Amino acid sequence: MQPLIDNARMFGQRPEEFAHLAKGQSPDVLFITCADSRVVPALITGARPGELFELRTAGNVVPPYASATPTGEAATIEYAVQVLGVKHVVVCGHSHCGAVGAVVRHDDLTAVPAVRDWLAHAADEPKCSDPADPTVAEAVQNHVLAQLERLRSYPCIEKRLEAGELQLHGWYYEVHTGVVREHRAESDTFETL
């Protein structure tokens, strides 16, 4: 913890670098990814403060849109799309994902009931021909596509997509190599950026 504290102290000693951020934010991208500590959106993308609006959830799960039952995730998505007017939404899954691995391996999650119930929000169990593969690459990539499909059911997303004002992107990040792949609709494959 001490190195983090030391960095935080040093970080605040450069106010001239951050003064412009007090004027507000206008990110172009909503970046939805896993809460996994190995996935650092600003590191992966090189984004500076104010360039990404982030939503991090266990397993980068996008919950179903249900206006009668608001969620922090739905509120974050709606705010990014309706208020901030982001032009891109990236759903970024990653290799070695514990959440997706637990789903495809049918792990016993009774000891962590909140995790179990949260993962029940995931779309259908992602296709995975080899659940023993530690990277769970195939499952994660299929899971990313399912979350993109779920996003399309959000009224604010649907409206902006129809108007041609928003683009959705599916990414897969390899934590063991640093390689990022993007889903290409024309070939239905994830290819290196």
*asked:* Please list, in order along region 21-34, the HN-Hα scalar couplings obtained from phi with the Karplus expression 6.51 cos²θ - 1.76 cosθ + 1.60 (θ = phi - 60°), rounded to whole Hz, x for Gly and Pro.
replied: 5, 5, 6, x, 10, 8, x, 8, 10, 9, 10, 9, 8, 6
_Inter-label distance for Gln25 and Thr71, nm, one decimal - labels placed 7 Å from Cα along Cα-to-Cβ_ = 2.0
*Can you list, bin by bin at 10 Å, the percent of alpha carbon pairs in region 51-103, starting at 0?*
21, 47, 28, 4
*What lysines sit close enough to Lys159 to cross-link, taking a C-alpha to C-alpha distance under 27 Å and skipping anything fewer than 8 places away on the same chain?*
Lys87
*asked:* Whole percent per 5 Å bin, from 0 to the bin with the longest distance: what is P(r) over all C-alpha pairs of region 28-192?
replied: 2, 9, 18, 22, 21, 15, 9, 3, 0, 0
*Local charge sum around Pro15 (other residues, Cβ-Cβ under 15 Å, Lys/Arg +1, Asp/Glu -1)?*
+1
_Placing one identical point scatterer on every Cα of region 82-128 and ignoring solvent, what is log10 I(q)/I(0) from the Debye formula at q = 0.15, 0.17, 0.23, 0.25 Å⁻¹?_
-0.52, -0.62, -0.87, -0.96
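The numbers here are math on the coordinates, done by the rules we state, and not lab data. All values derive from a computational prediction rather than experimental measurement. We place every Cβ from the backbone using ideal geometry, glycine too, and count neighbours over all the protein chains shown.
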